[in-house]
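Novice: Take this structure first; my questions come after.
No lab work stands behind these numbers, since they all come straight from the coordinates. Keep in mind that what you see is a predicted model, and the values were worked out from it rather than measured. Positions of Cβ are generated from backbone atoms using ideal geometry, with glycine treated the same way; all protein chains shown enter the neighbour counts.
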Amino acid sequence: MMSEVLAIQLESAAKAAGLVVAASEPGEKYSGGATTKFTLALAADANKTMLLELSEAFELGRPDLKDGVKAYLAESARRLKNPRPDCYVTLHGLPLSFGKFGWPFHESTSGADTSLVHGEVRLEDGNESVLHAKIAASMTVTFRDVVPAPEQPFAEGFIYNAVRKTMDQGQLELVKSGNRQPVPLTTRYYSAKQKKFIFNDTTADQRKTFLAAKAYWLSGVLGAGEPVWMVDPRDAQYLDATVDELRGAVKTLTEEGLLQPAADTEYAGATPKLMDRRHAYQAQLARTLESIKPAFNEEMRAGMTNM
């Protein structure tokens, strides 16, 4: 009965966002308990789909949760129009896809007072790359208090941004195989005074450089030139910027001949002039991949340290 109520509520909310529930199936939480996995599709294009997993007992109709789900679905509908809705770019120029996340958060089984969610990020450079990182994002008790619910619509955005930030800091390694790597979520990512998440402090030039790289990778390399959503609020949060500041950067890049706006001017594709910079972007990618490799202490290898 609970899952039926949830399905009816989600179908109504999805319709309002321009989405349809294409399919659903039962799932299971990492620590036990039931979930429902919904496949949502764009009403205008059934080939554009995403997976939304919710606890079976999730109360979508609660007044304190309803608006958050509504905003999440509206953003998801915009993001689904991207050629690769699962892909994002980091400030240091890494194109990554996000997948295999098991929602919602589950309690740590090691005795630590934290909540966890597991997932995977993969390098998406247009080649058959096997480099990836299995991650375990951990949320502290203090941090948990600022999240309305430990469910996908309320946590996906800041989890993805925390992964990008951790990757920028060289604290995640992309490997061919390996164990899960930690992504700690603490209150340093949240301003209680401003009541918002903060991941980076960026300048106008950095935001412009970021959006150019986004267009290069997500439109030019991975999207066959199709336009991408350039004013994604998730990127704005990651860059500690406003959507209007992103619009300003898009306008500048368009004037420089690097972006070609679509009919919906929130979307733009890479121009040939931008794609001519492929050698610079490939070099940046190589430098970033090299920088996140763990450095071995050569003195320890030679036995020259005191234990």
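Novice: Among the residues in the range 47-65, are any free of Cβ contacts under 8 Å to residues at least 60 places away in the same chain and small (G, A, S)?
Specialist: Among the residues of the range 47-65, at least one is free of Cβ contacts under 8 Å to residues at least 60 places away in the same chain and small (G, A, S), which makes the answer yes.
Novice: Turning to a different aspect of this structure: Please work out which residue is nearest to K81 (Cα to Cα), limiting yourself to the range 203-257 and to residues that are free of Cβ contacts under 8 Å to residues at least 24 places away in the same chain and buried (at least 16 other Cβ atoms within 10 Å of the Cβ).
Specialist: Selected residue: A236.
Novice: Say we look at the range 162-185 and pick out the residues that are assigned to a loop (DSSP other than H, G, I, E, B) and charged (D, E, K, R); which of these is farthest from the chain's Cα centre (by Cα)?
Specialist: The selected residue is K176.
Novice: Here's another thing I want to ask about it. Applying the selection to the range 93-126, what residues are surrounded by fewer than 21 Cβ atoms within 10 Å (Cβ to Cβ), under 15 Å from the mean Cα position of the chain (by Cα), not basic (K, R) and not in a strand (DSSP E or B)?
Specialist: Within the range 93-126, F101, G102 meet the criteria.
Novice: May I pose another question? Scanning the range 140-170 for residues that are free of Cβ contacts under 8 Å to residues at least 12 places away in the same chain and not β-branched (V, I, T), which turns out farthest from E107 (Cα to Cα)?
Specialist: Going residue by residue through the range 140-170, those that are free of Cβ contacts under 8 Å to residues at least 12 places away in the same chain are 145, 147, 169.
Narrowing further to those that are not β-branched (V, I, T): 145, 169.
Working: D145: 14, Q169: 26 Å.
Among those residues, the one meeting the criterion is Q169.
Novice: Being surrounded by fewer than 21 Cβ atoms within 10 Å (Cβ to Cβ) and within 28 Å of L60 (Cα to Cα), is that true of even one residue in the range 169-176?
Specialist: no
Novice: Now a separate question. Just the residues that are part of a strand (DSSP E or B), surrounded by fewer than 17 Cβ atoms within 10 Å (Cβ to Cβ) and in contact with a strand residue (DSSP E or B) (Cβ under 8 Å, 6 or more places away or on another chain), please, taken from the range 23-48.
Specialist: First, pick out the residues of the range 23-48 that are part of a strand (DSSP E or B): 23-28, 34-42, 45-48.
This time we only want the ones that are surrounded by fewer than 17 Cβ atoms within 10 Å (Cβ to Cβ), so: 23, 25-26, 28, 34, 37, 39, 45-47.
Scanning the range 23-48 gives A23, E25, P26, E28, A34, K37, T39, A46, N47.
Novice: Out of everything in the range 1-41 that is without any contact (Cβ under 8 Å) to a residue 60 or more places away in the chain and basic (K, R), what residue ends up being farthest from K100 (Cα to Cα)?
Specialist: This residue is K15.
Novice: Check N127 against each of (1) closer than 14 Å to L289 by Cβ; (2) of a type outside the set (K, R); (3) in contact (Cβ under 8 Å) with a residue 12 or more places away in the chain and name the one condition it does not meet.
Specialist: Condition not satisfied by N127: (3).
Novice: Please enumerate the residues belonging to the range 57-92 that are acidic (D, E), out of contact with any Ser or Thr (no Cβ under 9 Å at 6 or more places or on another chain) and not in a helix (DSSP H, G or I).
Specialist: E59
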